[in-house]
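K.L.:
Next up is a structure, given as structure tokens.
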Amino acid sequence: MAQSSLARLEQARARESEQELWTRVCAAPTAPRLKLSPEGFDIIAECKLASPSAGDLSQHTTDIDRRVQAYAHGGACAVSVLTEPTRFGGSLEHLEQTARTLVPLGVPVMRKDFLVDPYQVMEARAAGAGGVLVIVRMLDRSRIRALLDVAAMLKMFVLIEAFDATDLQVAQEVLRERKAHDEQMLVGVNCRDLDTLSVDLSRLGELASQLPPDFASVAESGVGSLEDVKTVVDVGYELALVGTTLMNSDDPGKLLGEMLAYGRERAMAVRTRKMRIATGASMDDE
């Protein structure tokens, strides 16, 4: 994926210089801001037409506009759009189309791809995105900083994705250096095994204590039921990125709304329990 991304980067640069791209970025309308609920749980809904693990996901998606509108009406705080073309069936055109559809609804779009260069962050902003995914595993620290710097300059939020404790340590150190920056960061744990593509939700709990403090945390991959929502909320995650389950649903807005309502109810219960423990209230008081 990294090699493919580099090849696409060079092709894009051959078609459009960085200066020309910057002109388009400056002309792009302001993207909606990412707003998280005070109720303690949010969902980033994903639009992807295929994936290496799930195969073709396009059978329920004859109309991308209607699907992402359903996400917005269901309460998604943002919509993630895959732009990787070879394995995920994505494109920058899908990103641009989704952003155009969601701007009137006030929902930001995030470019999800294997980004390796600040040019690709600029591409995302020019297409209307309000956020980007940055995968720690793929990049050295200087490259991570470069991507974050451009995103901050363009007022875009960033989801920093980790797969294990080593990734989280890198993320924590990079974020510690950026305390003075005015930027919106989310830190995600992807519980998919990169070798087998299998999902193990227990990894979310194992890594929760190592998440950088003071940043909203995102559970990625494998959240497909209300029981999964309970699992991620109980171990401390404030958002879930949900893709395949919503793509396979005939009524994604309804499903998303049910997951959100349950997650927020659970988050309130967890918060109340912690407050009781902190104040020394007994379980009999509940």
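The values are calculated or read from the model by the stated rules, or taken from the named source; none is laboratory data. Keep in mind the model is a prediction, meaning the values are calculated, not measured. A quick note on method: Cβ atoms are made from the backbone with ideal geometry, for glycine too, and the neighbour counts reach across all protein chains shown.
K.L.:
May I ask you to verify whether S249 is loosely packed, with under 15 Cβ neighbours inside 10 Å, closer than 26 Å to E46 by Cα and either in contact with a Phe, Trp or Tyr (Cβ under 8 Å, 6 or more places away or on another chain) or of a type in the set (S, T, N, Q) (or both)?
P.N.:
no
K.L.:
Identify the residue in region 204-235 that is in contact with a Leu (Cβ under 6 Å, 6 or more places away or on another chain) and among the hydroxyl-bearing types (S, T, Y) and, among all such residues, is modelled with the highest pLDDT.
P.N.:
Step by step, filter region 204-235, then rank; the result is S217.
K.L.:
State which residue is surrounded by the most Cβ atoms within 10 Å (Cβ to Cβ) when the search covers only region 1-28 and only residues that are among the charged types (D, E, K, R) and assigned to a helix (DSSP H, G or I).
P.N.:
R8
K.L.:
Do we have V189 as modelled with pLDDT under 95, in contact with an Asp or Glu (Cβ under 9 Å, 6 or more places away or on another chain) and over 24 Å from T30 (Cα atoms) here?
P.N.:
no
K.L.:
Take G257 and decide whether it is crowded, with 22+ Cβ neighbours inside 10 Å, in contact (Cβ under 8 Å) with a residue 12 or more places away in the chain and either within 25 Å of V132 (Cβ to Cβ) or of a type outside the set (K, R) (or both).
P.N.:
So G257 does not fit the description; no.
K.L.:
A further question follows. Of all helices (runs of 4 or more DSSP H) completely enclosed by region 63-114, which ones contain at least 2 residues that are touching a residue at least 40 places away in the same chain (Cβ under 8 Å), out of contact with any Asp or Glu (no Cβ under 8 Å at 6 or more places or on another chain) and buried (at least 19 other Cβ atoms within 10 Å of the Cβ)?
P.N.:
Once the helices (runs of 4 or more DSSP H) in region 63-114 are filtered for at least 2 residues that are touching a residue at least 40 places away in the same chain (Cβ under 8 Å), out of contact with any Asp or Glu (no Cβ under 8 Å at 6 or more places or on another chain) and buried (at least 19 other Cβ atoms within 10 Å of the Cβ), what remains is 64-74, 92-102.
K.L.:
Would you call R137 surrounded by fewer than 20 Cβ atoms within 10 Å (Cβ to Cβ) and touching a Phe, Trp or Tyr at 6+ places or on another chain (Cβ under 7 Å)?
P.N.:
For R137, the condition - surrounded by fewer than 20 Cβ atoms within 10 Å (Cβ to Cβ) and touching a Phe, Trp or Tyr at 6+ places or on another chain (Cβ under 7 Å) - is met.
K.L.:
Is it the case that region 261-277 has a residue that's touching a Ser or Thr at 6+ places or on another chain (Cβ under 9 Å), buried (at least 19 other Cβ atoms within 10 Å of the Cβ), within 16 Å of A76 (Cα to Cα) and not aliphatic (A, V, I, L, M)?
P.N.:
Taking every residue of region 261-277 in turn, at least one turns out to be touching a Ser or Thr at 6+ places or on another chain (Cβ under 9 Å), buried (at least 19 other Cβ atoms within 10 Å of the Cβ), within 16 Å of A76 (Cα to Cα) and not aliphatic (A, V, I, L, M).
K.L.:
Of all residues in region 227-254, count the ones that are touching a Lys or Arg at 6+ places or on another chain (Cβ under 6 Å) and without any contact (Cβ under 8 Å) to a residue 24 or more places away in the chain.
P.N.:
Total satisfying the criteria: 0.
K.L.:
Enumerate the pairs (first residue in region 192-207 and closer than 18 Å to V242 by Cα; second residue anywhere and among the hydroxyl-bearing types (S, T, Y)) with beta-carbon separation below 6 Å, excluding pairs fewer than 6 apart on the same chain, so at least 6 apart or on different chains.
P.N.:
R192/S221; L197/S53; V199/S221; L201/T231
K.L.:
I would also like to ask the following. If you go through region 147-177 one residue at a time, how many are surrounded by 15 or more Cβ atoms within 10 Å (Cβ to Cβ) and touching a helix residue (DSSP H, G or I) at 6+ places or on another chain (Cβ under 8 Å)?
P.N.:
Number of matching residues: 19.
K.L.:
Identify the single condition in (1) in contact (Cβ under 8 Å) with a residue 40 or more places away in the chain; (2) within 20 Å of G40 (Cα to Cα) that G224 does not satisfy, given that it satisfies every other one.
P.N.:
Just one mismatch for G224, condition (1).
K.L.:
Hey, could you check region 29-56 for residues that are of a type in the set (G, A, S) and either within 20 Å of E220 (Cα to Cα) or at pLDDT below 95 (or both) and say which is surrounded by the most Cβ atoms within 10 Å (Cβ to Cβ)?
P.N.:
Result: A45.
K.L.:
Yes or no: E258 part of a helix (DSSP H, G or I) and over 19 Å from I44 (Cβ atoms)?
P.N.:
no
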